[in-house]
Amino acid sequence: MKIVLITINTPASENVGGTSALPYHLLVKRPSDVEVVVYSFNYNNLKAEKIAKVEKELNLKIHLLNKSENVMNMLNSKIGIIQRIFSLYPLYYYTKLHDTEVQQIKSEMPNGVWIYGEELSQVSKQFAEFKRVHCFPDSESLYYKRMMEQSFVKASVGLYIRQWLMYPKFVRMEQSMDNSSNIYYYLVGDADVQNFKQLNPKVNALFIRHPHYGVSHRDLTDSTVKLKLLIAGRYDLYMKRDADLMVEALLQWDLQEHYVITILGKGWEAVVAKLQCVGYDVHYVTFAMDYIEEIRKHDIQVVPISIGTGTKGKVLDALSNGLLVIGTWFAMENIAVESGKSCIEYHSAEELMEILATIPNDWQRYKAMAEAGRQAVLIEHAREKCSKEMFDLFR
């Protein structure tokens, strides 16, 4: 079976300049009878040497497409900014292939066309005669809807304006997407699928679990020494609100003798200083060259995600590498684990502190919970399993 992938970002083993890792990990463990040719707009700007490396790793050819003139004008000109504000649809919706590119792809004579990137619905319609599978991977209209429902958005004029502008654009686009019988949509979030179907009831849309990424398991710390606790991610909209609540609680609780804390990501300088001032042993890493190698040094990952949709790749990374994961509902959404058995979902900063205070005295039980989480992710989020489910849509 021969499939052409048309993607907004060039696949890479990690997210580089955008969501590039999901297609990579679906491709790297694809069924043996599936040949794939990739055509990429490369909006994540992967360098030529990196693209060559990916081609070798995935055993396929990557062709670069011309970036849309409409999109580039809206990105790079003053008039374009005005156009983006008043446009009916989100920016990359205005991406289309040139006729010569369409003909080149059709000359591949594929059995199907796989589109990656929600906003490429115009591109999808250029191949209406083919069986198509379109991966979002998340419903952006759901993301903005959730933003509107969160109280912290009301406190920020910038965020309020952004969601007010973007939400109707994505709603309009999702309502207009092709719902003919020869196209499937798959998303890595169950609520994302339900939201999409509410907007466009006739679409063939389904939830496929997000594959885990790299795995390099190690044994967790012995209970007689300090446990190594990790907080990973940028200090931004996605984590800031719940991270601030967590930090304020840590300042009030005396947990310094039980934990060594590592913060991995940008923007945490003030948080690190606050925790160090009250005696916490805090290591700050702004960037890890090998992310998996870095996280596997730890025992526990706390994930105070405040907003989001779909599946959170960093949570899968932690679980698949054997860390005990403690996170909000947003962090654990769409992952095949169960709170109290294979992870811990917390609902307030006070509850999180009570959990952290309990763990050192019953570490063996929590180590077993971490192993249960690892096994669940390795089975239910296996790359072979997720890839087969996706490519079976073409058969």
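The values are calculated or read from the model by the stated rules, or taken from the named source; none is laboratory data. Remember, predicted model here, so these are calculated numbers, not experimental data. Cβ placement follows ideal geometry from the backbone for every residue including glycine, while neighbour counts extend to all protein chains displayed. Just the protein is used for accessible areas: all its heavy atoms, side chains included, with ligands, DNA and RNA removed. Shrake-Rupley method; radii C 1.70, N 1.55, O 1.52, S 1.80 Å.
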Kindly provide the set of residues from the range 184-195 that are free of Cβ contacts under 8 Å to residues at least 60 places away in the same chain and either touching a Pro at 6+ places or on another chain (Cβ under 9 Å) or of a type outside the set (S, T, N, Q) (or both), ordered by number. Y185, V193
If we only count helices (runs of 4 or more DSSP H) wholly inside the range 237-350, which ones have 3 or more residues that are under 25 Å from E149 (Cβ atoms) and among the aliphatic types (A, V, I, L, M)? 240-252
Does the range 336-354 include one or more residues that are more than 21 Å from the chain's Cα centre (by Cα), more than 27 Å from Q256 (Cβ to Cβ) and open to solvent by 30 Å² or more (accessible area, probe 1.4 Å)? yes
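Quick one: is Y235 at pLDDT 95 or above and in contact with a helix residue (DSSP H, G or I) (Cβ under 9 Å, 6 or more places away or on another chain)?
Taking the combined requirement at face value, the residue does not satisfy it.
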Out of all the residues in the range 75-114, which are touching a helix residue (DSSP H, G or I) at 6+ places or on another chain (Cβ under 8 Å), farther than 25 Å from L165 by Cβ and β-branched (V, I, T)? V113
Could you tell me which of the residues D138, D192, D178 is over 25 Å from E69 (Cβ atoms) and not in a helix (DSSP H, G or I)? D138
Given the conditions (1) surrounded by fewer than 17 Cβ atoms within 10 Å (Cβ to Cβ); (2) touching a helix residue (DSSP H, G or I) at 6+ places or on another chain (Cβ under 9 Å), report the number of the one that K2 does not fulfil. (2)
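What about Y39, is it in a strand (DSSP E or B), out of contact with any Cys (no Cβ under 7 Å at 6 or more places or on another chain), surrounded by 17 or more Cβ atoms within 10 Å (Cβ to Cβ) and in contact (Cβ under 8 Å) with a residue 40 or more places away in the chain?
Criteria met by Y39.
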Residue list for the range 66-95, restricted to those being in a loop (DSSP other than H, G, I, E, B), touching a residue at least 40 places away in the same chain (Cβ under 8 Å) and not polar (S, T, N, Q): L88, Y89, P90
Of the residues in the range 13-32, how many are modelled with pLDDT of 95 or more and small (G, A, S)? 1
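Tally up the residues in the range 100-114 that are assigned to a helix (DSSP H, G or I) and open to solvent by 80 Å² or more (accessible area, probe 1.4 Å), please.
Selection size over the range 100-114: 3.
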Y167 fails exactly one of the following numbered conditions: (1) open to solvent by 30 Å² or more (accessible area, probe 1.4 Å); (2) aromatic (F, W, Y); (3) modelled with pLDDT under 95; (4) within 28 Å of I295 (Cα to Cα). What is the number of that condition? (4)
Sort through V215, V225 and tell me the only one that's in a loop (DSSP other than H, G, I, E, B), without any contact (Cβ under 8 Å) to a residue 12 or more places away in the chain and either surrounded by fewer than 20 Cβ atoms within 10 Å (Cβ to Cβ) or in contact with a Phe, Trp or Tyr (Cβ under 6 Å, 6 or more places away or on another chain) (or both). V225
Is it the case that some residue within the range 22-36 is assigned to a helix (DSSP H, G or I), out of contact with any His (no Cβ under 9 Å at 6 or more places or on another chain) and open to solvent by 40 Å² or more (accessible area, probe 1.4 Å)? yes
Does A376 satisfy the criteria of being assigned to a loop (DSSP other than H, G, I, E, B), surrounded by fewer than 23 Cβ atoms within 10 Å (Cβ to Cβ), at pLDDT 95 or above and in contact with a helix residue (DSSP H, G or I) (Cβ under 8 Å, 6 or more places away or on another chain)? no
Just one of (1) open to solvent by less than 50 Å² (accessible area, probe 1.4 Å); (2) within 29 Å of I82 (Cβ to Cβ) trips up F127, so point out which. (2)
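May I ask you to verify whether E257 is open to solvent by 10 Å² or more (accessible area, probe 1.4 Å) and either without any contact (Cβ under 8 Å) to a residue 24 or more places away in the chain or closer than 26 Å to H381 by Cα (or both)?
The answer is no for E257.
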